[in-house]
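Let me begin by presenting the structure, written as structure tokens, before commenting on it.
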Amino acid sequence: MQQPETQTKTADPPVPERKAGLSGEEVRKLRDTYGFNEVEERKQHPVLQFLGRFTGVSAWMLELILIISLILGKYPDVAVVATLLVVNAVVGFYQERRATGIVEALRRRLQISVRVLRDSSWQVVPARELVPGDLVRIRPGDFVPADLRLLSGVVRVDQSAVTGESAEVGKSIGETLFSGSVVRRGEGDAQVESIGSKTLYGRTTELVNLAKPVLHIEEVVARLVRWLFVILGTLLGLVFAVSLFRGMAIAEILPLMLVLLMSAVPVALPVMFTVSMAVGSRELARLGVLVTRLSAAEDAATMDTLCVDKTGTITMNSLGIAEVMPVGSSTEADVLAAGALASREANNDPIDLAFLEAAHERKSFEGRPQSAVLAFVPFDAERRRTEALVEEGGVRMRVMKGAVRTIAALCSEDEAATAMLDGMAAEAARKGYRALVVAKGPEHGPCRVIGMVTLSDPPRPDAARLIETLSRLGVRVRMLTGDALPVAVETARLVGLKGIRRAADLSGVREGTGEAIYSEAGGFAEVYPEDKYRVVQYLQKAGHVTGMTGDGVNDAPALRQAEVGIAVSSATDVAKGAASVVLTEPGLTNIVALVEQGRIIYQRLLTWVLNKISRTVLKAAFVSVAFLMTGKFVVSAFAMLLLTFMNDFAKIALATDRVRPSQQPETWNIGRYVVVAVVLGVAMVAEALLLLGICRVPFGLSEIDGSLYTFSFLTLLYLAIFSIFSVRERNRFNASRPGGALLLALAADAAIGTALTFAGLPGMQSLPWWQILCIFSYAAFCCLVVNDLLKVMMLRRFVSADTNSGKVAAS
């Protein structure tokens, strides 16, 4: 693909370079001129969004029923269908707008920050506050927040978002770094040339990938709906054939058949899912967990393995110099001074800051010749060291600090010296310290080791408790770290992990072999980015739903690969962009909240699915079987529309039901649950038909005066309501108390449905209060005693082997 031509790009006028950066007053003036560094997002007009709610399978079927009813002159049916259409559109539109507001709030909280030089000091500010002329610092893992001109250093960037080319591109002094690129290697200072809509692509606010992939639950429901349509199609085909044989007009049976078909369509499904995710996301955001991919909370319910990065997640990521051990004639001041010169304050790297702080506190530069850093090469996962070219007293020297074996090899240390350094590092590791070697030498000559420095990064106080809690929840934690094996083993011991292996042990693992290494290891040390990715990928191939935490650019491939990629609060821009969840508080404690909330959402959705299946079987089979037995429709199309409208939207309250998470990872292999739901549906059909057979003559039910329709309507209504009380709990229904919103919704559903039978609606005749009480009591007894006992017996027999019993509702 052709490279973009920078000379033809509209840009802000060049601003002279300022070593002290812009002043606050200059920033204000430039912002008044150029505005904020952001691009106005084109949004669909609210009216078009609302009209879009009248499209889709459910809406089209309702509209078809409305047209047929209008043609037949059944104006009450027209009114009910039109009301259902409008209410569905209004509720869906409201929830969509509310969810959009939540996403926008997350986007604002996750916009990137940038290191900028202003008023002679380095500051961290939101990228949207950049103005032309600002001096910024860029490092590996940074998103380029505006079009920049490189002033110092050499970097390699991934600008595939700009050019479509996957290969990294080198950039040297004077060249332009395009907004939206990602710095892969190197670092330097750069000046802002263009911001906002005047950048090449204006993508500064697009850090977080807010894609909305199809949820697993939607795929499950789509598959179930297809089978329900097969069942309904068979039943209704039989009804249609019998109707024609008996000489009934097609125009009379067509509306009811369409309504029965529509009952299998999850009318309130989009709203139910939106409300469930909105409630879960709001609760997680309150706890400091931002979900940037809608499926992440659902995936967290099924996650059974969590790979965690050590530094900054298990540990405090607050390094301090523990010990300084000079080698040969070197002094402590020599070691700290060289290590500080091989550090860069602007990078905010914890190790660099530890050396700089220690050198300052211990006055390591006092009495030494004036020194200046001429060039600096930062740490990366492959080099495993930082290195600087410095001028000290007029003499150019190289200084470096890094991993023990890396520096020993560069200094050509013999085996005895290397063994001595390894011994010192092992001793430090037994204390929980991390060891780095410092070396110094002439510009063009060999360097020599001048000392070892140990750094302490203790585990977080909550790390061990977190790992224990996740283990109880069925989630196995594995630690992945680039640190040496002794450091990793000691850290793992402190937090209760065992079986740490070297990443090199994975190199001999071929496809389909080495399961023991993965299954037995509690983590891996000395890992490279590709090792993390490979571990996650292998675990997924082995059937595990895998989570991954990380904070650096080297974690991004694994974060993207994992079903649940979790960026910690201190993560780089690349890590946050690759992750599906971002923690805003230090540590990993909130991961427990993510897992529990995911399992709560799962249980609510599962209850909705099971109730949808059993209720669809109830309505379709009851009407069909009764017609075949009596030759008459025992419920009107109007009543069926009313039932669908009332029950579907009352069940939305399941999204707020009181639920407790299970103690083991969930799974969407719910075939046995489906069998239970179908059996419960068949049981309710038998109970409804039995009640109709018993009461038809004593109650004087007739389709002529509408009493038969009212009787059937109330029977289906009460059975549907009481079945929710039973299905929501995997133990006996009274093992827990439903949520307040659900109780209120179901009580309102029953009250309104009963009251409507007294309103003189067409085709419905009010029943005596004692008959209504008999139907109500019978439905309660069947669902809460007979069917509830049947449910518990089936769950214990068919499902308990795969899932926890009694794990849904909270007392």
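Any residue at all in the stretch 597-611 that is under 35 Å from the mean Cα position of the chain (by Cα), of a type in the set (F, W, Y) and within 20 Å of T710 (Cα to Cα)?
Residues of the stretch 597-611 that are under 35 Å from the mean Cα position of the chain (by Cα), as a first pass: 597-611.
Right, trim to of a type in the set (F, W, Y) and you get 602, 608.
Then keep just the ones that are within 20 Å of T710 (Cα to Cα); that gives none.
Scanning the stretch 597-611, I find no residue that is under 35 Å from the mean Cα position of the chain (by Cα), of a type in the set (F, W, Y) and within 20 Å of T710 (Cα to Cα), so the answer is no.
Before we move on, is T715 assigned to a helix (DSSP H, G or I), over 19 Å from Q603 (Cα atoms), out of contact with any Gly (no Cβ under 8 Å at 6 or more places or on another chain) and at pLDDT 90 or above?
Details: assigned to a helix (DSSP H, G or I): yes; over 19 Å from Q603 (Cα atoms): yes; out of contact with any Gly (no Cβ under 8 Å at 6 or more places or on another chain): yes; at pLDDT 90 or above: yes.
Yes; evaluated as a whole, the condition is true for this residue.
Residues of the stretch 378-391 being modelled with pLDDT of 85 or more and farther than 16 Å from E345 by Cβ, which ones?
Scanning the stretch 378-391 gives R385, E387, L389, E391.
Is the stretch 644-652 home to any residue that is surrounded by fewer than 22 Cβ atoms within 10 Å (Cβ to Cβ) and on the phi > 0 side of the Ramachandran plot?
Within the stretch 644-652 (the criterion being surrounded by fewer than 22 Cβ atoms within 10 Å (Cβ to Cβ) and on the phi > 0 side of the Ramachandran plot), the answer is no, since none of the residues qualifies.
Only one of F633, F622 is at pLDDT below 80 and closer than 24 Å to L690 by Cα; which?
Within the list F633, F622, the selection yields F633.
Could you list, in sequence order, all residues of the stretch 435-461 that are open to solvent by less than 30 Å² (accessible area, probe 1.4 Å), touching a Ser or Thr at 6+ places or on another chain (Cβ under 6 Å) and closer than 30 Å to E585 by Cβ?
D457
In the stretch 490-506, how many residues are in contact (Cβ under 8 Å) with a residue 40 or more places away in the chain and surrounded by 21 or more Cβ atoms within 10 Å (Cβ to Cβ)?
Final tally of qualifying residues: 2.
Assuming R362 fulfils every condition listed in (1) open to solvent by 20 Å² or more (accessible area, probe 1.4 Å); (2) under 30 Å from the mean Cα position of the chain (by Cα); (3) more than 26 Å from S113 (Cα to Cα) apart from one, which condition is it?
(2)
Can you tell me which residue is modelled with the lowest pLDDT among those in the stretch 765-795 that are within 15 Å of V675 (Cβ to Cβ) and surrounded by fewer than 17 Cβ atoms within 10 Å (Cβ to Cβ)?
Out of the qualifying residues, it is M793.
In the stretch 286-310, how many residues are more than 13 Å from G598 (Cα to Cα) and assigned to a helix (DSSP H, G or I)?
Residues meeting the conditions: 2.
If you go through the stretch 553-584 one residue at a time, how many are out of contact with any Leu (no Cβ under 8 Å at 6 or more places or on another chain), surrounded by fewer than 23 Cβ atoms within 10 Å (Cβ to Cβ) and either modelled with pLDDT under 80 or charged (D, E, K, R) (or both)?
4
Please list, ordered by first then second residue, the pairs with beta carbon atoms under 9 Å, 6 or more apart or interchain, first in the stretch 748-772 and among the hydroxyl-bearing types (S, T, Y), second modelled with pLDDT of 90 or more and open to solvent by 60 Å² or more (accessible area, probe 1.4 Å).
Within 9 Å, the pairs are T754/F776.
Determine which member of the set R658, R599 is basic (K, R), farther than 20 Å from E687 by Cβ and open to solvent by 10 Å² or more (accessible area, probe 1.4 Å).
On inspection, the qualifying residue turns out to be R658.
Quick check on my filter: what residues within the stretch 423-449 are modelled with pLDDT of 85 or more and either closer than 28 Å to A492 by Cβ or in contact with a Pro (Cβ under 7 Å, 6 or more places away or on another chain) (or both)?
Those that are modelled with pLDDT of 85 or more and either closer than 28 Å to A492 by Cβ or in contact with a Pro (Cβ under 7 Å, 6 or more places away or on another chain) (or both): G423, M424, A425, A435, L436, V437, V438.
Does S624 qualify as being under 20 Å from T546 (Cβ atoms), open to solvent by less than 10 Å² (accessible area, probe 1.4 Å), of a type in the set (S, T, N, Q) and in contact (Cβ under 8 Å) with a residue 12 or more places away in the chain? Even if it seems obvious, please write down each step before you answer.
Working: under 20 Å from T546 (Cβ atoms): no; open to solvent by less than 10 Å² (accessible area, probe 1.4 Å): yes; of a type in the set (S, T, N, Q): yes; in contact (Cβ under 8 Å) with a residue 12 or more places away in the chain: yes.
No, not satisfied.
Among the residues that make up the stretch 341-349, is at least one of them on the phi > 0 side of the Ramachandran plot and either assigned to a loop (DSSP other than H, G, I, E, B) or open to solvent by 20 Å² or more (accessible area, probe 1.4 Å) (or both)? Even if it seems obvious, please write down each step before you answer.
Initial filter on the stretch 341-349 (on the phi > 0 side of the Ramachandran plot): 348.
Still in the running and either assigned to a loop (DSSP other than H, G, I, E, B) or open to solvent by 20 Å² or more (accessible area, probe 1.4 Å) (or both): 348.
Within the stretch 341-349, one or more residues are on the phi > 0 side of the Ramachandran plot and either assigned to a loop (DSSP other than H, G, I, E, B) or open to solvent by 20 Å² or more (accessible area, probe 1.4 Å) (or both).
Between residues in the stretch 469-485 that are farther than 30 Å from I407 by Cα and residues that are open to solvent by 30 Å² or more (accessible area, probe 1.4 Å) and among the hydroxyl-bearing types (S, T, Y), which pairs lie under 8 Å by C-beta distance while being six or more apart or on different chains?
Listed by first residue and then by second, the contacts come to V477/S471.
Which helices (runs of 4 or more DSSP H) sit wholly inside the stretch 1-120 and have at least 2 residues that are among the aromatic types (F, W, Y), modelled with pLDDT of 70 or more and loosely packed, with under 15 Cβ neighbours inside 10 Å?
Output list reads 75-110.
Any idea how many residues of the stretch 627-643 are within 17 Å of I231 (Cβ to Cβ) and open to solvent by 10 Å² or more (accessible area, probe 1.4 Å)?
Going through the stretch 627-643 one residue at a time, the tally reaches 1.
Go over the candidates G753, G740, G700, G760 one by one and state the one that is open to solvent by less than 10 Å² (accessible area, probe 1.4 Å), modelled with pLDDT under 90 and not acidic (D, E).
That would be G753, the only listed residue that is open to solvent by less than 10 Å² (accessible area, probe 1.4 Å), modelled with pLDDT under 90 and not acidic (D, E).
Only one residue in E168, E206 is at pLDDT below 75, more than 25 Å from the chain's Cα centre (by Cα) and among the charged types (D, E, K, R), so which one is that?
Matching residue, one of E168, E206: E168.
Which pairs do you get when a residue that is within 21 Å of R478 (Cα to Cα), found in the stretch 445-464, comes within reach of a residue that is open to solvent by 40 Å² or more (accessible area, probe 1.4 Å) and in a strand (DSSP E or B), reach meaning Cβ atoms under 9 angstrom, with the pair 6+ apart or on two chains?
D457/Y433; D457/R434
Can you find, within the stretch 396-434, the residue that is farthest from L455 (Cα to Cα) among those that are open to solvent by 70 Å² or more (accessible area, probe 1.4 Å) and touching a residue at least 40 places away in the same chain (Cβ under 8 Å)?
Selected residue: R396.
Quick test for you: out of F733, F798, pick the one residue that is under 17 Å from L654 (Cβ atoms), open to solvent by 50 Å² or more (accessible area, probe 1.4 Å), modelled with pLDDT under 90 and under 46 Å from the mean Cα position of the chain (by Cα).
Numbers: F798 fails: under 17 Å from L654 (Cβ atoms).
After applying the criteria, what remains is F733.
Could you list, in sequence order, the residues of the stretch 661-679 that are open to solvent by 40 Å² or more (accessible area, probe 1.4 Å) and either assigned to a helix (DSSP H, G or I) or at positive phi (or both)?
G671, R672, V675, V678, V679
Taking the condition in contact with an Asp or Glu (Cβ under 6 Å, 6 or more places away or on another chain) and touching a residue at least 60 places away in the same chain (Cβ under 8 Å), does V634 pass?
No; evaluated as a whole, the condition is false for this residue.
The values are calculated or read from the model by the stated rules, or taken from the named source; none is laboratory data. No experiment lies behind these values; they were computed from the predicted model shown. Quick reminder, even Gly has a Cβ in these numbers, built from the backbone with ideal geometry, and neighbours come from all protein chains shown. Note: accessible area is taken over every heavy atom of the protein model, side chains too, but ligands, DNA and RNA are not part of it. Shrake-Rupley method; radii C 1.70, N 1.55, O 1.52, S 1.80 Å.
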